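Engineer: Attaching a single structure in structure tokens format; questions to follow.
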Amino acid sequence: MDHPISDDPKSPLLPLHHDPDPIQQSQNILSGLKSTLTLKTLFVLLGPLLCTIICLYVKLDGPVASRNMLAVLVWVFAWWLTEAVPMPITSMSPLFLFPLFGIASADDVAHSYMDDVIALVLGSFILALAVEHYNIHRRLALNITMLFCGDPLNPPLLLLGICATTAFVSMWMHNVAAAVIMMPVATGILQRFPVGPDQSVAVSKFCRAVVLGVIYSTAIGGMSTLTGTGVNLILVGMWKSYFPEAEPISFSTWFFFGFPLALLIFLALWVILCCLYCSRNSSQALSGYLDKAHLKRELEMLGPMAFAEKMMLIVLWMTRSITDDIPGWGTLFKGRAGDGTVSVMMATLLFIIPNKKQKGEKLMDWNKCKKLPWNIILLLGAGFAIADGVRTSGLADILSKALDFLEAVPYFAIAPAVCLISSTITEFTSNNSTTTLVVPLLIQIAKIMHVNPLLLMVPGAIGAQFSFLLPTGTPSNIVGFTTGHIEIQDMIKTGLPLKIAGIAVLSLLMPTLGAYVFGTNEPVQ
């Protein structure tokens, strides 16, 4: 019998005399337990459980802080790998775990979440949002596609133009942002082709080639510059953290090595795609649906380039050209200005320069910055905090002692192995997490081998970007997979030879060009 609800404020909200049904009560309890004891809940408990086991049963030949650091590492990586807790929240966990376990003070940990590298990322993301807002990416893509279209239509040349455009855009912004920006441009071209039973085999193959080319070109283009991907920034931050007295890796230094590396891997990608997906009769099959006239009409619809777009191109050019180690305005600050200084200053100018569209309106406003990927920024900060913790806690010294046997292994044997291991791990977890896990260990291995740490750090970090086999390897792969044009077997068929080519190119360039650019023949203190 239902109890009527009384209007008297003094009456109880629940009936005072009501005997619950035992069967119903037990069912509610069981239902509550089932909703609580899920796989995700077990993964949440896995991190603290592993941490506790290490603290109670693992004994290291070093200070207590080193054992605690190992326990915290296992906790954080358990959450990262299982994604039991959202990655941005896990990335903030060192802010409370390090002080609680006596590894570092709260102030010291917090400093890792905002340094010159993080500032470089923030400024770069704001620039990327501005590029997206003013449709510069679309204008650039249409112009380059028209340039490479050919007359008559040349599918391999058109594929080269689309992939090259994507790689170029990815050089100046994060891989995910580049994929999100360029995939609509690519699928817009593919929408001109028939779908379903009417689609020929040649058209289907070309559609797959375009989507695969875009997602892989974002990864390859991001290798060229420090701003292209968070992995490069993590590497630079760890190098600066572990070796503060050494020469820092500047924007231009990385570019001199990263661009030739990316160019060779990009050419390998293009050759693989042409061999697998561009048949001899593809030109005839595609020419009826795609021509220069259509591209020209689409470009005309965008209208003439506005003042705001021209200013954005100028800002991008300045950001690309000025670094603190090239003679210019940076020399006025006697080395105090870093790459983050340039990036944030250029981003700040966007909020000052008028766009000449409406009175008082600037090139950018803060509302457009609501899409800033704070998750990536927090992940970078966590990587830097972990690198500092591994070093200051003494865990790095203990790891180096355990790796004495590697001293006799020749570099030419271990460098490809490092790249292969890193590129395999990254298929199952994020590129940034893989780098954060692998690079500190490689530093200790390099010390044992008495070689410059960059000889192993660079292959480990770049290998973490070779996530070419699975859709879950990186968000960029997911962007392409959701278009419906590709399947997992397409990624494996294309990604496996591309991964092998990438490892071969990196293993060849690191001891040659890398030795010249990074000065790896010189010892590091």
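The values are calculated or read from the model by the stated rules, or taken from the named source; none is laboratory data. A quick note: this is a predicted structure, and the numbers were derived from the prediction, not measured. Cβ placement follows ideal geometry from the backbone for every residue including glycine, while neighbour counts extend to all protein chains displayed. For accessibility, only protein heavy atoms count, side chains too; no ligands or nucleic acids. Shrake-Rupley method; radii C 1.70, N 1.55, O 1.52, S 1.80 Å.
Engineer: What are the residue pairs meeting all of these: first residue in region 482-497, first residue at negative phi and of a type in the set (Asp, Glu), second residue modelled with pLDDT of 85 or more and open to solvent by less than 90 Å² (accessible area, probe 1.4 Å), Cβ atoms under 9 Å, and 6 or more apart or on different chains?
Structural biologist: What qualifies is GLU487/ARG208; ASP490/ARG208; ASP490/VAL211; ASP490/LEU212; ASP490/LEU276; ASP490/TYR277.
Engineer: Please work out if VAL418 is aliphatic (A, V, I, L, M), free of Cβ contacts under 8 Å to residues at least 40 places away in the same chain and farther than 29 Å from THR187 by Cβ.
Structural biologist: no
Engineer: Continuing with this model, one more query. Being more than 23 Å from the chain's Cα centre (by Cα) and acidic (Asp, Glu): is that true of GLU522 here?
Structural biologist: Against the criterion (more than 23 Å from the chain's Cα centre (by Cα) and acidic (Asp, Glu)), GLU522 qualifies.
Engineer: In the list TYR242, TYR277, which residue meets the criterion of being in contact with a Leu (Cβ under 9 Å, 6 or more places away or on another chain), modelled with pLDDT under 90 and open to solvent by less than 60 Å² (accessible area, probe 1.4 Å)?
Structural biologist: Testing whether each residue is in contact with a Leu (Cβ under 9 Å, 6 or more places away or on another chain), modelled with pLDDT under 90 and open to solvent by less than 60 Å² (accessible area, probe 1.4 Å) leaves just TYR277.
Engineer: Tell me which of these LYS362 doesn't satisfy, since it passes every other one: (1) over 23 Å from the mean Cα position of the chain (by Cα); (2) modelled with pLDDT of 70 or more; (3) surrounded by fewer than 13 Cβ atoms within 10 Å (Cβ to Cβ).
Structural biologist: Only one criterion in (1) over 23 Å from the mean Cα position of the chain (by Cα); (2) modelled with pLDDT of 70 or more; (3) surrounded by fewer than 13 Cβ atoms within 10 Å (Cβ to Cβ) is unmet by LYS362, namely (3).
Engineer: Filtering region 414-450 down to residues that are among the hydrophobic types (A, V, I, L, M, F, W, C) and closer than 21 Å to THR82 by Cβ, which residue is modelled with the lowest pLDDT?
Structural biologist: So, considering only residues that are among the hydrophobic types (A, V, I, L, M, F, W, C) and closer than 21 Å to THR82 by Cβ, the one modelled with the lowest pLDDT is PHE428.
Engineer: Still on this structure: Looking at this structure, is LEU235 modelled with pLDDT of 80 or more, open to solvent by 10 Å² or more (accessible area, probe 1.4 Å) and assigned to a helix (DSSP H, G or I)?
Structural biologist: Judged against the criteria, LEU235 is not a match.
Engineer: Going through region 333-356 one residue at a time, which ones are among the charged types (D, E, K, R) and modelled with pLDDT of 75 or more?
Structural biologist: Passing the criteria: only LYS356.
Engineer: Go through GLU132, GLU83 for me and flag whichever is more than 25 Å from LYS368 (Cα to Cα) and of a type in the set (Asp, Glu).
Structural biologist: None of the other options fit; the residue is GLU83.
Engineer: With respect to the numbered conditions (1) in contact with a Pro (Cβ under 9 Å, 6 or more places away or on another chain); (2) part of a helix (DSSP H, G or I), which one is the sole condition not fulfilled by ALA104?
Structural biologist: Single failed check for ALA104: (2).
Engineer: Looking only at region 201-232, count every residue that is open to solvent by 10 Å² or more (accessible area, probe 1.4 Å) and of a type in the set (S, T, N, Q) and tell me the total.
Structural biologist: Summing the residues that are open to solvent by 10 Å² or more (accessible area, probe 1.4 Å) and of a type in the set (S, T, N, Q) in region 201-232 gives 2.
Engineer: With a cut-off of at least 2 residues that are open to solvent by less than 100 Å² (accessible area, probe 1.4 Å) and either at pLDDT below 65 or closer than 27 Å to GLY473 by Cα (or both), name the helices (runs of 4 or more DSSP H) lying wholly within region 1-101.
Structural biologist: 22-36, 39-57, 64-82, 87-92
Engineer: To continue, here is another question. Here is a list: ILE462, ILE478, ILE503. Which entry is among the aliphatic types (A, V, I, L, M), without any contact (Cβ under 8 Å) to a residue 60 or more places away in the chain and part of a helix (DSSP H, G or I)?
Structural biologist: ILE478
Engineer: Would you please name the residue that is surrounded by the fewest Cβ atoms within 10 Å (Cβ to Cβ), looking only at residues in region 249-265 that are in contact with an Asp or Glu (Cβ under 9 Å, 6 or more places away or on another chain) and closer than 9 Å to THR225 by Cα?
Structural biologist: The selected residue is SER252.
Engineer: From ILE425, ILE448, ILE478, ILE462, which residue is more than 15 Å from the chain's Cα centre (by Cα) and among the hydrophobic types (A, V, I, L, M, F, W, C)?
Structural biologist: ILE448 is the lone residue from the list that is more than 15 Å from the chain's Cα centre (by Cα) and among the hydrophobic types (A, V, I, L, M, F, W, C).
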